[in-house]
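Accompanying notes for the structure given below.
The values are calculated or read from the model by the stated rules, or taken from the named source; none is laboratory data. These numbers come from a predicted model, not from an experiment. Reconstructed Cβ throughout: ideal geometry from the backbone, glycine too, with neighbour counts over all protein chains shown.
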């Protein structure tokens, strides 16, 4: 077995320390390439509830229906009812307090921008970001119409009137305030043993991942 001489070992340690110091002083590590403005624009496609990020374009529920039936209904159903285990998109209004809430666009989602943004990024499944701006507006308008958020099938949704759309559950959300409301429960020193005198079981799950039947559940007589 060969052993490095003390001189060589010291030289290697000095080189490593010099390299580490150089990286610490320089924010750029020399890895990859700087993205172009065009590449950044391709990723910067988020849409905010206040309308920021919306592209120009327009579309109506009637126009969106054809797009939905052609590219979305195979998974989500012709009426947004969901097929197999694919998500339900419509219905469920006033069901959030039931044992089996239907969290759909109309019953749960806070902002219409969430609909537009998600479709723009991830749909149609397997062919994401293939829709142009007019198709996105039309498809969003159709889903809002299917959830009775937009009544007129010929209503033209566009960037100028987008923020006028009010979702049924818009007031069902609030900002995360745990930093203030739960501050008194926070501890800097974590307890590791004998933290509680006794442990009491307050409830037991009858079946894992199965919501029990209830008369308050939608569709239960």
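State whether the residues of the range 117-127 include one that is touching a residue at least 40 places away in the same chain (Cβ under 8 Å), surrounded by fewer than 20 Cβ atoms within 10 Å (Cβ to Cβ), in contact with a strand residue (DSSP E or B) (Cβ under 8 Å, 6 or more places away or on another chain) and assigned to a helix (DSSP H, G or I). Checking the range 117-127: not a single residue is touching a residue at least 40 places away in the same chain (Cβ under 8 Å), surrounded by fewer than 20 Cβ atoms within 10 Å (Cβ to Cβ), in contact with a strand residue (DSSP E or B) (Cβ under 8 Å, 6 or more places away or on another chain) and assigned to a helix (DSSP H, G or I). Candidates 27, 15, 66, 74: the one that is modelled with pLDDT under 95 and part of a helix (DSSP H, G or I) is 15.
Residues in the range 48-58: is at least one modelled with pLDDT of 90 or more, surrounded by 10 or more Cβ atoms within 10 Å (Cβ to Cβ), under 33 Å from the mean Cα position of the chain (by Cα) and not in a loop (DSSP other than H, G, I, E, B)? Looking for residues that are modelled with pLDDT of 90 or more, surrounded by 10 or more Cβ atoms within 10 Å (Cβ to Cβ), under 33 Å from the mean Cα position of the chain (by Cα) and not in a loop (DSSP other than H, G, I, E, B), one finds at least one in the range 48-58, hence yes. With respect to being part of a helix (DSSP H, G or I) and within 19 Å of the chain's Cα centre (by Cα), residue 107 falls outside the description. Can you spot a residue in the range 90-100 that is closer than 25 Å to residue 45 by Cα, surrounded by 19 or more Cβ atoms within 10 Å (Cβ to Cβ) and in contact (Cβ under 8 Å) with a residue 40 or more places away in the chain? No: the range 90-100 contains no residue that is closer than 25 Å to residue 45 by Cα, surrounded by 19 or more Cβ atoms within 10 Å (Cβ to Cβ) and in contact (Cβ under 8 Å) with a residue 40 or more places away in the chain. Of all residues in the range 136-162, those satisfying the criterion of being assigned to a helix (DSSP H, G or I) and within 20 Å of residue 44 (Cβ to Cβ) are 136, 137, 140, 162.
Every condition in (1) modelled with pLDDT of 85 or more; (2) more than 30 Å from residue 57 (Cα to Cα); (3) not in a loop (DSSP other than H, G, I, E, B) holds for residue 171 except the one numbered (2).
Condition check ((1) under 18 Å from residue 130 (Cβ atoms); (2) touching a residue at least 40 places away in the same chain (Cβ under 8 Å)) across all residues:
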{"position": "42", "(1), (2)": "yes, no"}
{"position": "52", "(1), (2)": "no, no"}
{"position": "57", "(1), (2)": "yes, yes"}
{"position": "66", "(1), (2)": "yes, no"}
{"position": "73", "(1), (2)": "yes, no"}
{"position": "76", "(1), (2)": "yes, no"}
{"position": "79", "(1), (2)": "no, yes"}
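Of the residues making up the range 34-47, those that are assigned to a loop (DSSP other than H, G, I, E, B) and loosely packed, with under 11 Cβ neighbours inside 10 Å number 3.
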